[in-house]
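The values are calculated or read from the model by the stated rules, or taken from the named source; none is laboratory data. This one's a predicted model, so the numbers in the text were calculated from it and none came from an experiment. Here the Cβ is made from the backbone with ideal geometry for all residues, glycine too, and neighbour counts use every protein chain on show.
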Amino acid sequence: MEFKNDSFRHVYWNPYFGGLLLGLLIAATFYVTGRGVGATGGTKATVVTAVNTLAPEYAGNQDFYSKYVDEDKNPMENWLVFETLGIIIGAFLSGSIKGRVSLRVQHSPKITSRTRLIFALAGGLLFGVGSQFARGCTSGAALSGSTVLSLAGFITMIGIFGTAYLFAYLFRKLWI
Amino acid sequence: MGPLTFNDIISTEWNYVIALLIGLAFGYILEASGFSSSRKLVGVFYGYDFVVIRVFITSVSVAMITLLYLDYLGFLDFSMLYVLPTYLPAQILGSVIMGLGFLMGGFCPGTSLTALAIGKIDGIIFTVGIWLGIFGFSEAYPYIEDFNNSGYMGNVTLMDYFGVNPYTFAFGFAVFAIVAFTVSSYVRRNVKEIQY
């Protein structure tokens, strides 16, 4: 057997092992905090902060921002902001140990990196909008929501995966 | 008895430290499982890589059964855990939008953060997209507020809605997990390999 220097770079954990650890982590999170994990709330806090800094009058009066703006409290002082920082640090640690850290665009050889980036932006936009309608994304609504058997969690999980399977054929050129 | 912070067993000053540590473990597990690679994630929709289904379903089953067991043993009050409120029309629309976003962008918000952390430019751009999407939603909020809040059903669980006990659902989910793992392994063996 031949080993290349970088052959370990794409060796990931066994998915069932990763799933077991993730499940225990989510159970521990609920046990300690009474809530699950999330991944969009931190980004939302930065949106609210930006608008509140540039146009405080407007943010205080508009129906959506005003829900998150409080005179005595910085919107960044939020559980999910700290958790989001943790996600970035944790992923960076794992990636550095395996030598996966470098600036690059990952895409199928059949498309250009420009195409990849345009669709990445579009996908992010849709996730930003969709997560607000659904009150959570794949982490906060589907993963944490399903764990405690909430109706909304199961609707979101089935909605995201069902839609993606239904329309996968249309976007196949981007990936395969 | 848990949840600890609700019952003042852990003081709220520790909240942010705990948040950082939970996030750290979350990010580490996601990255180590390969969730920082969009081509690996999207494989679940084309049959060449089922890591998403395996990790996701395993973790939901493990967490669900662990929490129900802790409740059964009296270490935790399951009914005190936060249940996401249901707004049926908005949530259906939102998850359809997110499903399309997944196909186009190849990430979801948590996984794009792990990609961003290891320097993937597509992950950074996806995160910029999320930021703009939330901003757009917020700006449009006065026009979509009525729809967004329609069909409110409260913090409903499957138990409330179907009148079945949680153990039945947990058992059903575990059976579903085994079926999904078996079927996905079969599909994986019969789909052309993709190098990425």
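Is it fair to say A:Ser113 is within 7 Å of chain B (Cβ to nearest Cβ) and over 19 Å from B:Phe45 (Cβ atoms)? Criteria not met by A:Ser113. From the list B:Gly110, B:Gly123, B:Gly129, which one is more than 7 Å from chain A (Cβ to nearest Cβ), in a helix (DSSP H, G or I) and either surrounded by fewer than 23 Cβ atoms within 10 Å (Cβ to Cβ) or modelled with pLDDT of 95 or more (or both)? Result of the check over B:Gly110, B:Gly123, B:Gly129: B:Gly123. On the given criteria, is B:Val164 under 20 Å from B:Leu67 (Cα atoms) and in a loop (DSSP other than H, G, I, E, B)? For B:Val164, the condition - under 20 Å from B:Leu67 (Cα atoms) and in a loop (DSSP other than H, G, I, E, B) - is met. Look through A:Val129, A:Val101 and report the one residue that is more than 26 Å from B:Ala25 (Cβ to Cβ), at the interface with chain B (Cβ under 7 Å from one of its Cβ atoms) and touching a helix residue (DSSP H, G or I) at 6+ places or on another chain (Cβ under 8 Å). Only one candidate passes the filter, namely A:Val129. Residue count for the range B:37-55 satisfying the condition of being more than 7 Å from every other protein chain (Cβ to nearest Cβ) and closer than 22 Å to B:Phe26 by Cβ: 8.
The residue list B:Asp77, B:Asp71 contains one member that is touching an Asp or Glu at 6+ places or on another chain (Cβ under 8 Å), free of Cβ contacts under 8 Å to residues at least 12 places away in the same chain and not hydroxyl-bearing (Ser, Thr, Tyr), which is B:Asp71.
Taking the range A:60-81 as the range and being in contact (Cβ under 8 Å) with a residue 40 or more places away in the chain and either surrounded by fewer than 16 Cβ atoms within 10 Å (Cβ to Cβ) or within 7 Å of chain B (Cβ to nearest Cβ) (or both) as the test, only A:Trp79 passes. One residue stands out in the range B:62-82 among those that are within 7 Å of another protein chain (Cβ to nearest Cβ) and surrounded by 19 or more Cβ atoms within 10 Å (Cβ to Cβ): the one that is nearest to B:Phe6 (Cα to Cα), namely B:Leu81. A:Ser146 satisfies every condition listed in (1) buried (at least 19 other Cβ atoms within 10 Å of the Cβ); (2) among the polar types (S, T, N, Q); (3) farther than 30 Å from B:Thr157 by Cα except (3). Considering the range A:96-130, the residues that are of a type in the set (D, E, K, R) and outside any loop (DSSP other than H, G, I, E, B) include one that is surrounded by the most Cβ atoms within 10 Å (Cβ to Cβ), namely A:Arg116. Taking the conditions (1) in contact with a helix residue (DSSP H, G or I) (Cβ under 6 Å, 6 or more places away or on another chain); (2) at pLDDT 95 or above in turn, A:Gly136 satisfies each one other than (1). Considering only residues in the range B:1-36 that are part of a helix (DSSP H, G or I), surrounded by fewer than 20 Cβ atoms within 10 Å (Cβ to Cβ) and of a type in the set (Ser, Thr, Tyr), the one that is nearest to the other protein chains (Cβ to nearest Cβ) turns out to be B:Tyr16.
Selection over the range A:135-155 of residues that are within 12 Å of A:Thr40 (Cβ to Cβ) and β-branched (Val, Ile, Thr) gives a count of 1. For residues in the range A:37-59 being closer than 30 Å to B:Phe50 by Cβ and at the interface with another protein chain (Cβ under 7 Å from one of its Cβ atoms), which is surrounded by the fewest Cβ atoms within 10 Å (Cβ to Cβ)? Of everything passing the filter in the range A:37-59, A:Val37 is surrounded by the fewest Cβ atoms within 10 Å (Cβ to Cβ).
If we only count helices (runs of 4 or more DSSP H) wholly inside the range A:132-176, which ones have 3 or more residues that are within 20 Å of the chain's Cα centre (by Cα) and within 30 Å of A:Ser113 (Cβ to Cβ)? Spell out how you get there, then give the answer.
Details: elements: A:144-147, A:151-167, A:172-175.
It comes to A:151-167.
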